[in-house]
Amino acid sequence: MINQPCLFKIQSKLKILTDAESKVANYVLDNYGDVLKLTVTELAEKAQSSDATVVRFCKSIGYKGYQEFKISLAQDTISPAKHLNPELDQDDSTGEITKKIFDSVISVLQETMTVVDVDAIEKAAHLISTARKVVIFGCGGSSYVGMDAMHKFLKIGIECFIYSDADTQAMAASLLQKSDAVIGISHSGCNKSVIDCLKLAKQAGAQIIGLTTQGKSPMLKHCDILLCTSTKETVFKSESVTARIAQLVIIDSLVASVAFKNYGQCYDAIQKTRNATASRKF
């Protein structure tokens, strides 16, 4: 009997799980070290199951969902020193910590450059430049990336909105039109609030750009255009600064591409927005 809390929970619940849930449980017990690197969709494929079954399995053993399950599993299998950042060691000096963080950011940016689809950025830029308006959906750390994107798009004259409240997000998504563009941001590609908004946006006829990591996730099937960053997914790293920086670089590339498509109009907008805020600066 494995005496670690999460794994013990799985073993103790095996007799009451459905056959489909048991397939997921047995895969996790045999490959728990690898499961931490998998999205819900990837685990479903490995266990020859479905996303919904994986989520039901997590709930059957006492967790609210897949992310909470992964956090608990990580606490079983990863040393406490690795919880803050997988690259760091508890006895690292401040200089070593700083260097490792910088190296991690550089590595993720270099890897993102190899996986980024330039044609997808071009298509996304065209969609945004011709859209009636742009609405961004993101939660948690992704909402800050969305705020940055909104600020930059507004500067170049693109009507752009982001909403932080889940109900407001859903209402805004339901009122979109075919001439509107949506940007959904989720590092994991598994955020339920974002995915629910993308479903509503799709039903309304809007075109959807997804910003997420490379790999399979529930978010992908709702996106018309996919912009991917490098994936070094662990349960703790999804909220790290490296993930956000990679997303911000994609946003900067997208904003610049949009600006150069309508350079004259965007330049005028930059002058207007700069003048509008000038009085608030010394």
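The values are calculated or read from the model by the stated rules, or taken from the named source; none is laboratory data. Computed from a predicted model, the values in this text were never measured in an experiment. Here Cβ is always computed from backbone atoms with ideal geometry, including for glycine, and neighbour counts include all displayed protein chains.
Things worth noting here:
- Residue check for ASP196: of a type in the set (Asp, Glu), closer than 30 Å to TYR267 by Cα and surrounded by fewer than 19 Cβ atoms within 10 Å (Cβ to Cβ): no
- Of the residues making up region 199-217, those that are outside any strand (DSSP E or B) and surrounded by fewer than 23 Cβ atoms within 10 Å (Cβ to Cβ) are LYS199, LEU200, LYS202, GLN203, ALA204, GLY205, GLN214, GLY215, LYS216.
- Test set (1) small (Gly, Ala, Ser); (2) over 29 Å from GLN271 (Cα atoms); (3) assigned to a helix (DSSP H, G or I) - GLY189 fails condition number: (3)
- Cβ separations smaller than 6 Å between residues 6+ apart or across chains give the following pairs from region 244-255 residues that are farther than 12 Å from ILE185 by Cα to residues that are crowded, with 18+ Cβ neighbours inside 10 Å and of a type in the set (Lys, Arg): VAL255/LYS152.
- Any hit, region 185-201, residues being within 18 Å of GLU42 (Cα to Cα), among the hydroxyl-bearing types (Ser, Thr, Tyr) and modelled with pLDDT of 90 or more: yes
- Region 111-159, subset among the polar types (S, T, N, Q) and modelled with pLDDT of 95 or more, residue farthest from the chain's Cα centre (by Cα): THR130
- Cβ-Cβ under 7 Å pairs, at least 6 apart or on other chains, region 32-54 side in the same structural domain as GLU21 (by TED's automatic domain parsing), far side crowded, with 22+ Cβ neighbours inside 10 Å and among the basic types (Lys, Arg): LEU36/LYS70
- Residue selected from region 104-137 under the condition surrounded by 14 or more Cβ atoms within 10 Å (Cβ to Cβ) and of a type in the set (Ser, Thr, Tyr), by the criterion farthest from VAL241 (Cα to Cα): SER129
- Subset of region 85-110 that is in a loop (DSSP other than H, G, I, E, B) and over 28 Å from LEU227 (Cα atoms) - its residue that is modelled with the highest pLDDT: SER93
- The number of residues in region 144-187 being in contact (Cβ under 8 Å) with a residue 40 or more places away in the chain, among the hydroxyl-bearing types (Ser, Thr, Tyr) and either surrounded by 14 or more Cβ atoms within 10 Å (Cβ to Cβ) or not assigned by TED's automatic domain parsing to the domain that holds LYS272 (or both) comes to 2.
- Scanning region 220-231 for residues that are part of a loop (DSSP other than H, G, I, E, B), at pLDDT 90 or above and surrounded by 18 or more Cβ atoms within 10 Å (Cβ to Cβ) yields one hit, CYS223.
- Every residue from region 149-163 that is assigned to a loop (DSSP other than H, G, I, E, B) and in contact with a helix residue (DSSP H, G or I) (Cβ under 6 Å, 6 or more places away or on another chain): ILE156, GLY157, TYR163
- Of the residues screened, VAL255 is not one that is under 22 Å from the mean Cα position of the chain (by Cα), surrounded by fewer than 18 Cβ atoms within 10 Å (Cβ to Cβ) and at pLDDT 90 or above.
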